[in-house]
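Since the structure comes first, as structure tokens, the remarks are kept for the end.
Where a number appears in this text, it was derived from the coordinates with a stated rule and is not lab data. Remember, predicted model here, so these are calculated numbers, not experimental data. Cβ atoms come from the backbone with ideal geometry, glycine included; neighbour counts cover every protein chain shown.
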Amino acid sequence: MKRLLFAAIMTGLFSCSGNKEKESSQLKDSPSFSTDGKKVIVYTTADSSQYRLSATDTLEFKEMGQPLETQICVFVDPSKTFQDFLGIGAAMTDASAETFAKLPRDKQQELLQAYFDKQKGIGYTVARTNINSCDFSSDMYTYTSDGDKELKSFNIDHDKKYKIPFIKEAMKVAGGKLNLFGSPWSPPAWMKTNNDMLHGGKLKPEFYDSWAMYYTKFIKEYEKEGVPVWGITIQNEPMATQRWESCIYSAEEERDFLKNHLGPTMQKEGLGDKKIIVWDHNRDLIYQRAATYLNDPEAAKYIWGIGFHWYENWSGGEPMYDNLKKVHESFPDKNLFFTEGCNEKFDPKRYNDWALGERYARSMINDFNNGMTGFTDWNILLDETGGPNHVQNFCFSPVHGDIKTGQLIYTNAYYYIGHFSKFITPGAKRISSVASRSQLLTTAFRNEDGKTVVVVMNQGKDKFPYYLWINGKAAEVTAWPHSINTLIF
């Protein structure tokens with residue numbers, strides 16, 4: 001079976017970085033953007049080819065004027081700016097960290113470089129981790145003894161074996177900093193109505209204050225270990241009763257827990273600068289949940305953003321991208337932040353399935369265009385079984401570590417995500433980008449250094465030319481079948 005290994009990167013991927021033109025920073029906010037003299041560097045990943053984030057062309061803008069209807073175009077308008085870009089990353093779960101620890105040292109270094117090095121890899125700047133165990137843990141655990149309402153027994157010794165060392169090594173390769181946020185799947189069983197970390201249940205009201213303090217202890221203990229925590233989500237998937245760790249909150253319950261317990265506790269404990277993310281579930285109910293939280297000023301003052309996942313199309317329907325737009329229009333001062341998504345139903349025969357990467361790009365382009373500020377993939381690394389997972393809920397990650405052979409397996413999802421994460425930098429602003437044909441999906445950003453990054457995905461099976469068109473000038477680009485381009489100028 002053909003496997004897309006990281007060695008391909010080192011033998012040609014990213015190979016044209018030395019040819020990139022330096023843009024003047026004075027263009028950053030200029031409404032009279034000019035393409036004069038600018039080179040367009042094209043990076044490509046394409047099915048049925050050797051292109052994997054490969055520098056495939058250097059183009060020039062030429063006079064074009066009004067295009068013909070028969071000419072396929074991507075129209076970019078740098079004068080129209082939208083939300084800021086926070087970053088892209090993935091979850092560093094127990095499963096990811098355990099798999100990482102079992103790889104040979106040279107493969108560990110390769111993986112860290114592949115994900116977190118901006119020059120040699122794809123430059124992740126965001127990470128998520130689980131508070132207490134989740135489905136992607138080999139065991140069930142919490143940080144306290146049973147019944148310890150005062151949390152006197154609280155400790156994170158469990159995480160010191162695999163997770164914290166993994167996160168610290170990633171931080172080092174990422175330049176010393178990651179925007180790390182923590183998410184609980186369930187409080188300890190003794191705090192819940194069903195006395196079980198699994199199968200839903202609710203947080204008992206008498207433990208609201210203890211559970212609020214739990215988050216602060218998690219943050220402080222991680223920071224004692226040299227791992228800064230950027231933020232938290234209140235509850236992973238608060239409307240899902242799962243056979244793994246889960247806990248249910250209605251919109252009103254989550255709102256009231258935040259405004260009466262968690263928010264004030266975070267402030268009191270000196271953690272008011274940490275970002276608090278609500279919902280952390282699918283796009284389907286996102287508007288109702290957002291409105292319930294944000295129409296209450298006492299709750300809204302603690303909220304940095306609304307987290308969301310992509311699993312609402314479980315019944316075979318289309319992803320509900322438009323729901324994000326409605327939230328963004330109604331609450332433009334709050335951030336929309338993708339907190340989890342993965343390709344489910346792991347099968348090693350699908351390692352080379354091109355749909356794996358296309359799902360990521362389709363979601364990212366649509367979500368960015370509807371107001372998303374950052375993207376967090378689910379497990380950054382899993383083993384050759386799609387785990388470990390203590391409830392056999394196995395899935396794909398962009399990269400798998402085969403513990404038996406010591407090899408890394410790169411699916412095309414890694415490269416598709418990299419078309420965004422490698423080139424768009426934190427602090428960038430999204431700009432207008434529109435395609436004239438439905439088989440092309442596109443989004444675009446202006447980085448703080450003045451560079452423009454346009455991502456274009458060809459969902460179709462045909463190869464054809466299209467024009468990157470700005471202010472009457474255009475560069476002709478090749479869209480390979482089932483491919484993605486990143487265009488930089």
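Taking every DSSP helix (H) stretch of at least 4 residues in the chain, weighting each as -39,500 (n - 2.57) and dividing the sum by the residue count yields a mean residue ellipticity at 222 nm of -6500 deg cm²/dmol. Rounded, prolate or oblate: which fits segment 30-94 when a ≥ b ≥ c are the square roots of the eigenvalues of the alpha-carbon gyration tensor, with rounded for a/c under 1.5 and prolate only if a/b beats b/c? Note, shape of segment 30-94 comes out oblate.
Separation of segment 70-123 and segment 175-254, taken as the distance between their Cα centroids, equals 26 angstrom.
Spin-label model, Q439/K161: points 7 Å from Cα along the beta carbon direction are separated by 5.2 nm.
Shape of segment 89-143 from the C-alpha gyration tensor: oblate (a/c of 1.5 or more and a/b not above b/c, with a ≥ b ≥ c the square roots of its eigenvalues).
If you take the charge dipole of the chain about its Cα centre, with +1 on Lys and Arg Cβ and -1 on Asp and Glu Cβ, which of I470, Y416, T241 is farthest toward its positive end? Value: I470. Other residues whose C-beta falls under 10 angstrom from the C-beta of A300 contribute a net charge of +1, scoring Lys and Arg +1 and Asp and Glu -1.
Residue separation of N295 and N194 scaled by 0.36 nm, minus their Cα-Cα distance, works out to 33.3 nm of gained length. Once you order the gyration tensor axes a ≥ b ≥ c over the Cα atoms, which shape class does segment 397-489 get: rounded for a/c under 1.5, otherwise prolate or oblate by comparing a/b with b/c? Oblate is the answer for segment 397-489, as a/c is 1.5 or above yet b/c matches or exceeds a/b. The slack in the chain from K39 to K118, taken as 0.36 nm per residue of separation less the alpha-carbon distance, amounts to 26.3 nm. Relative to the longest principal axis of the Cα atoms of the chain, helix 355-369 runs at roughly 90 degrees. Computed from Cα atoms, the angle from the helix 208-224 axis to the main principal axis of the chain rounds to 60 degrees.
When you filter the trypsin sites (Lys or Arg not before Pro) in segment 133-232 for DSSP loop state and at most 16 other Cβ atoms inside 10 Å of their Cβ, you are left with K149, K152, K161, K177, K202. From least to most packed, judged by other beta carbons within 10 angstrom and beginning with the fewest, L262, L294 follow the order L294, L262. Counting only alpha carbon atoms, the long axis of helix 105-116 and the longest principal axis of the chain meet at about 70°. Since only H328, L258, M92 are under comparison, the one whose Cα sits farthest along the positive direction of the charge dipole of the chain, derived from C-beta charges on Lys, Arg, Asp and Glu, is M92. Separation of segment 303-340 from segment 414-489 is 22 Å, based on Cα centroids. Relative contact order of segment 87-421: what whole-number percent is it, with Cα pairs under 8 angstrom and at least 6 residues apart? Reported relative contact order: 20 percent. By the count of other C-beta atoms within 10 Å, a proxy for reagent exposure, H419, H309, H199 are ordered fewest to most as H199, H309, H419.
This ranking places E269, E298 by how few other beta-carbon atoms lie within 10 Å of each, fewest first, which gives E298, E269. In nm, give the distance between the simple-model label positions of N352 and K152, each being 7 Å from the Cα along the Cα-to-Cβ direction. Here the answer is 6.1 nm between the modelled labels. When the Cα positions of M197, T216, G176 are compared along the charge dipole of segment 165-255, G176 comes out farthest toward the positive end, with charges on each C-beta of Lys, Arg, Asp and Glu. Taking other residues whose beta carbon is less than 9 angstrom from the beta carbon of A95, and scoring Lys, Arg as +1 and Asp, Glu as -1, yields -4. Rounded to the nearest 20 debye, the dipole magnitude of segment 87-421 is 680 debye, with +1 charges on Lys and Arg beta carbons, -1 on Asp and Glu beta carbons, and the Cα centre as origin. Checking the cross-link filter: which aspartates and glutamates have an alpha carbon closer than 13 Å to that of K268, excluding same-chain neighbours under 8 positions apart? The reachable aspartates and glutamates, counting only those whose Cα sits under 13 Å from K268, are D209.
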